[in-house]
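> For reference, the structure I am asking about is given below.
The values are calculated or read from the model by the stated rules, or taken from the named source; none is laboratory data. None of these values were measured; they are calculated from a predicted model. Cβ coordinates were reconstructed from backbone atoms using ideal geometry, including for glycine residues, and neighbour counts include every protein chain displayed. Quick note on the areas: whole protein, heavy atoms, side chains included, nothing else; ligands and nucleic acids left out. Shrake-Rupley method; radii C 1.70, N 1.55, O 1.52, S 1.80 Å.
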Amino acid sequence: MEIKAADVAKLRKMTGAGMMDCKKALQETNGDFDRAQEIIREKGKLIASKRADRSATEGAVVAKISADGKKAYMLCLACETDFVAKNADFIASANSILDIAVENDAADIDSLKATVVNGQTVETIVTDKSGQTGEKIELAYYAKIEAEQCVSYIHMNNKLGALIGFNAPISEEVAKDVAMQAAAMAPVAISKEDTPAEILEKELQIGREQARLEGKPENMLDKIAEGKVNKFLKENTLLSQALVKNNKETVESYIKSANPNATVVAYKRFSLND
């Protein structure tokens, strides 16, 4: 059976697969579009299976704020090569999945993967992308925050992003500065109070061992370690960090100068390079 170029183009538009893959699928099914789509989807699963041991270390990080500004969403669609990551269709796919997350207000990555759109789960849609690109494609990260005012920042290379939520209104400039600070400086938490206990314990252990190697008295190790932890927290929690654009003030004081009642209450960050 002769396969017309228009049919190949139609199947490509329906599936996003390459022209040759579409032509082969139509030839194999004698022009049956439904079966051809299934073959392309099956190919995507096969590629995903074959490449399961590959590392999807490239990709696109995208973010979106809800219409009322009180929710923010961010995800990373990962792939194997920078070539695919920079492709406009790939970035559009990442944004379309993010739109699904926003529309369904997905709470976490598992609920997003399970969301059904036009009879397909998001997880299946992502797997199908493997068939279209020939690379391992996966949903590497997803996060959602809620606050009185939310802001996002995505670095220009689409490999790094941050979400910040404030408890009170603040100027767009200050909000963006804080989001950029979080993206650039990678704080472990908003403040000492919400720093995970395992991080604090790990830093205490490191502090004790450093003091011991420096020959400090055994009865002083805990006190010295606590001092090192306090220094760590000052440098690695968002509100205590020195402001990048003016290191003579902290992020917290910068926020308070804009609105004395405002502070950061939600924070998420993701980098493909971490």
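> Does the stretch 127-138 contain at least one residue that is at positive phi and not aromatic (Phe, Trp, Tyr)?
Taking the stretch 127-138 and keeping what is at positive phi, we get 134.
Of the ones still in play, those that are also not aromatic (Phe, Trp, Tyr) are 134.
Checked against the condition, which is being at positive phi and not aromatic (Phe, Trp, Tyr), the stretch 127-138 yields at least one hit.
> Right, something else. Give the residue, chosen from Ala106, Ala162, that is farther than 12 Å from Leu77 by Cβ and assigned to a loop (DSSP other than H, G, I, E, B). Break it down stepwise before answering.
On the way: Ala162 fails: assigned to a loop (DSSP other than H, G, I, E, B).
Just one listed residue meets the conditions, Ala106.
For (1) touching an Asp or Glu at 6+ places or on another chain (Cβ under 6 Å); (2) modelled with pLDDT of 95 or more, each residue gets a yes or a no:
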| position | (1), (2) |
| --- | --- |
| Glu135 | yes, no |
| Cys150 | no, yes |
| Pro187 | no, yes |
| Pro196 | no, no |
| Ile199 | no, no |
| Arg212 | no, no |
| Glu218 | no, no |
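> I would also like to ask the following. Checking Phe90 against (1) open to solvent by less than 30 Å² (accessible area, probe 1.4 Å); (2) in contact (Cβ under 8 Å) with a residue 60 or more places away in the chain; (3) not aliphatic (A, V, I, L, M), only one condition comes out false. Which one?
Phe90 satisfies all of (1) open to solvent by less than 30 Å² (accessible area, probe 1.4 Å); (2) in contact (Cβ under 8 Å) with a residue 60 or more places away in the chain; (3) not aliphatic (A, V, I, L, M) except (2).
> Would you mind telling me which numbered condition in (1) farther than 30 Å from Lys86 by Cα; (2) touching a residue at least 24 places away in the same chain (Cβ under 8 Å); (3) part of a helix (DSSP H, G or I) Lys192 fails?
The number of the failed condition is (3).
> Listed residues Lys202, Lys223, Lys256; which is over 28 Å from Ala63 (Cα atoms), more than 26 Å from the chain's Cα centre (by Cα) and free of Cβ contacts under 8 Å to residues at least 60 places away in the same chain?
Numbers: Lys202 fails: more than 26 Å from the chain's Cα centre (by Cα); Lys256 fails: over 28 Å from Ala63 (Cα atoms).
Sole residue among the options that is over 28 Å from Ala63 (Cα atoms), more than 26 Å from the chain's Cα centre (by Cα) and free of Cβ contacts under 8 Å to residues at least 60 places away in the same chain: Lys223.
> In addition: Of all residues in the stretch 262-274, which are out of contact with any Pro (no Cβ under 9 Å at 6 or more places or on another chain) and either farther than 14 Å from Met180 by Cα or buried (at least 18 other Cβ atoms within 10 Å of the Cβ) (or both)?
From the stretch 262-274, those out of contact with any Pro (no Cβ under 9 Å at 6 or more places or on another chain) are 263-266, 268, 270-274; that's our starting set.
Correct list: Thr263, Val264, Val265, Ala266, Lys268, Phe270, Leu272, Asn273, Asp274.
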